[in-house]
1. Please determine, in degrees from 0 to 90 and to the nearest 10, the orientation of helix 98-107 with respect to the longest principal axis defined by the Cα atoms of the chain, where the helix direction is its Cα long axis.
2. Using a 1.4 angstrom probe, figure out how much accessible area the chain has per residue, in square angstrom, rounded to the nearest whole.
3. Residue by residue through region 46-63, which ³J(HN,Hα) values in whole Hz follow from phi under the Karplus form 6.51 cos²θ - 1.76 cosθ + 1.60 (θ = phi - 60°), with glycine and proline marked x?
4. Write down the radius of gyration of the chain and its Dmax, each obtained from C-alpha positions, in Å.
5. Calculate how steeply helix 111-129 sits against the longest principal axis of the alpha-carbon atoms of the chain, using the helix alpha-carbon long axis, and give the answer as 0 to 90 degrees to the nearest 10.
6. Expressed as a rounded percentage, what relative contact order does region 123-250 have, with Cα pairs under 8 Å and six or more residues apart?
7. Round to a whole number: what % of the accessible area of the chain belongs to carbon and sulfur, probe 1.4 Å?
8. Regarding region 188-302, what are the three Cα extents along the principal axes, ordered largest first, in Å?
Amino acid sequence: LNLAMPFVIINFALADLIGVGASVPIAVSLGRGDRRAADNLFTCATLLIVASGAAVGAALYLLAPALMRLMGAEGEFASLAAQYLRVYALCSPVTTIIFAADNFLRISGYIRGSMWLNLLMSALSGGLEFLFLGVLGFGIWGAALATCTGMAVCALIAYLPFLRGRALLRFVRPGLTPAMLREIVACGSPNFLNNIAGRVTSIIMNAILVRQGGETAVSVYGILMYVEGFILPLLYGMCDSLQPAVGYNWGARKFSRVRAIERCCFTAAAAVSLISAAVTALIPGTLTRLFVADAAPEALAMAVSALRIFSLTYLTRWFSFAAQSYMLAIERALSASVISVSTALVFPVLLLALFWPLGLTGIWLNFPATSLLAGALAALVLRRARGAVSR
């Protein structure tokens with residue numbers, strides 16, 4: 001699962017690029033009172049996501065075994081990873097749309113509906129995993145099928161208000177233009193590049209871990225990613241949920257409201273991040289057993305040490321995360337892209353080389369060091385952009 005997941009997220013990243021990339025100009029267009037442009041962007045984005053999901057899914061299905069071999073995996077290790085990836089690839093056309101639907105629902109005013117839909121998706125996916133794995137005894141592919149089923153069902157529910165014409169955004173005859181496509185790509189690039197760069201980094205790290213520490217080291221790295229999987233969605237959810245409001249007020253030139261919203265975003269992100277750092281540092285053993293109940297003593301000791309180092313990441317991670325979201329919301333895509341790519345790829349790869357003599361400890365130190373450098377970069381970007389809102 002840990003070997004396959006970077007490729008799964010790369011598949012989802014393209015849908016996220018289009019969804020986020022369209023939601024920013026949609027919100028700005030609504031703020032300017034241009035409903036026609038907003039509806040056209042919404043329609044074109046939906047069609048683009050379905051088409052790209054089919055194309056990328058087909059490629060991943062065909063390449064899955066070869067990709068696992070390139071990672072250094074062999075035998076059953078590689079076979080199980082390929083099975084997991086192929087289920088996501090087959091379901092891609094009907095699952096990837098959920099990433100955009102979340103943004104479109106919030107723009108249309110379905111704030112609580114979006115929240116409840118995400119809770120339903122988590123509960124449905126978890127319940128189906130228990131059924132497929134614990135009751136029916138399916139293989140690892142059953143875990144992927146459970147998640148994909150939950151996503152597909154919730155994607156259909158999410159689009160019901162749009163299909164019935166009851167939402168703020170409506171389907172119209174699509175009019176995709178090169179200028180519109182460039183705008184979507186530009187606004188969605190920061191999130192896309194962050195996802196892609198982060199997965200490339202994960203692939204590189206997994207390849208190194210397979211060779212330096214074998215399956216145990218890969219599993220420990222997976223535990224760090226599971227813990228991050230609880231923290232980053234909270235940060236992402238808070239910052240991403242405020243983007244439509246920031247974009248709308250930016251388009252309406254209500255800059256005092258933009259500043260007020262962003263103060264809330266930075267404060268909330270800091271609180272969640274610092275609490276997460278404390279919890280991770282205080283109970284690393286409990287967190288390890290939560291994800292690997294029967295961890296061997298060697299794996300447990302390695303995971304506890306790694307988690308204590310990893311917890312330092314969230315002392316500063318909140319700042320660059322909130323800054324990137326803010327830059328994207330005010331249509332400064334290049335600044336947001338610089339922060340995201342540096343955080344997800346440039347800094348980690350450079351630090352891999354710097355910390356190489358430290359072995360596995362160097363890999364764990366990579367996370368807090370990257371976060372510190374990203375915070376410094378974000379402060380520089382914000383300082384240069386500070387005059388934009390005041391004007």
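1. Helix 98-107 and the main axis of the chain meet at about 40 degrees.
2. 45
3. In residue order, the calculated couplings are 4, 5, 5, 5, 4, 5, 5, x, 5, 5, 5, x, 4, 5, 5, 4, 6, 8 Hz.
4. 20.9, 62
5. Approximately 30 degrees, to the nearest 10.
6. Computed value for region 123-250: 11 percent relative contact order.
7. Reported share for carbon and sulfur atoms: 67 percent.
8. For region 188-302, the Cα spread along each principal axis is 58, 30, 16 Å.
The values are calculated or read from the model by the stated rules, or taken from the named source; none is laboratory data. In this text, all values refer to a predicted model and were calculated from it rather than measured experimentally. Just so you know, the surface numbers come from the protein's heavy atoms only, side chains and all, with ligands and any DNA or RNA stripped out. Shrake-Rupley method; radii C 1.70, N 1.55, O 1.52, S 1.80 Å.
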